[in-house]
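The values are calculated or read from the model by the stated rules, or taken from the named source; none is laboratory data. It should be emphasised that the depicted structure is a prediction, and the values quoted were computed from it without experimental measurement. Cβ placement follows ideal geometry from the backbone for every residue including glycine, while neighbour counts extend to all protein chains displayed. Each accessible area value is taken on the protein alone, full model and side chains, heavy atoms only, with ligands, DNA and RNA left out. Shrake-Rupley method; radii C 1.70, N 1.55, O 1.52, S 1.80 Å.
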Amino acid sequence: MKIIGKGVNNVKIGNVNKLVKTSLFLALAIVFQVLGKAEPQISQIFVGPAVNAILILTAIICGGSYGILVGSLTPFLAYLTGQLASALGPFIPFIIIGNILFVLSFIIISKRGNYGKYLGIIIGAFIKYIFLSFSASKLIPIFNLNIPAKIVNKLILTMGIPQLITALIGGCIALILIRILRKRKVYM
């Protein structure tokens, strides 16, 4: 019996290919986070949309589970690179959940009709925004995460409307890039 499409130790080549692409997307997210740390004035305007675009690109090109994986790792990497302030370490799980909700909403809704991918971005961005805003304003006090009040006030602002805007922009960037890649027959 001839095995086609399998590599070393019977691992499917397609899975390895997706894992490599996912790793490259994750590396690109790290680059954007480091650049954002180097230029704090443009950090949220630049890094937020870039990372959100990477989440959606990973989900489209590699699959939803890989998009969720990248969305789960990027907050830790933001913390390690200094993009996310050390006082916000306790908020990392909420950011992870927000990213997962964004990617998961996109994956589910994008399969619905001609406009599914656009609705997926819009609805996913709103769900992420609502969750992060609610978490910053209501869940931090409930869980008593010992984040200083001054930082909590800034966090409430940061996790509000700016999250909605960066998710919408990032999602649109991802869809534009996918359209360009398909038009050039780089990605089908």
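How about the stretch 109-188: which helices (runs of 4 or more DSSP H) wholly inside it have at least 1 residues that are at pLDDT below 90 and out of contact with any Pro (no Cβ under 8 Å at 6 or more places or on another chain)? The qualifying helices (runs of 4 or more DSSP H) are 140-143, 149-158. Against the definition (touching a helix residue (DSSP H, G or I) at 6+ places or on another chain (Cβ under 8 Å) and either closer than 16 Å to I56 by Cα or not hydrophobic (A, V, I, L, M, F, W, C) (or both)), how does L168 come out, yes or no? Yes; evaluated as a whole, the condition is true for this residue. Number of residues in the stretch 7-54 that are at pLDDT 90 or above and among the charged types (D, E, K, R) equals 2. For the stretch 122-157, filtering for residues that are on the phi > 0 side of the Ramachandran plot and either under 22 Å from the mean Cα position of the chain (by Cα) or open to solvent by less than 80 Å² (accessible area, probe 1.4 Å) (or both) leaves 0.
Restricting the stretch 82-96 to residues that are at pLDDT below 85 and more than 16 Å from the chain's Cα centre (by Cα) leaves a set whose member that is nearest to E39 (Cα to Cα) is G82. Among the residues of the stretch 159-182, none is identified as more than 16 Å from the chain's Cα centre (by Cα) and either buried (at least 20 other Cβ atoms within 10 Å of the Cβ) or within 13 Å of F102 (Cα to Cα) (or both). Taken over the stretch 109-121, the criterion of being without any contact (Cβ under 8 Å) to a residue 60 or more places away in the chain, buried (at least 19 other Cβ atoms within 10 Å of the Cβ), under 13 Å from G171 (Cα atoms) and of a type outside the set (K, R) is satisfied by S110, G120.
Condition check for L24 on (1) surrounded by fewer than 16 Cβ atoms within 10 Å (Cβ to Cβ); (2) under 17 Å from L104 (Cβ atoms): one failure, at (2). With respect to the stated conditions, F102 fails to be in a helix (DSSP H, G or I), open to solvent by 60 Å² or more (accessible area, probe 1.4 Å) and closer than 19 Å to Q44 by Cβ.
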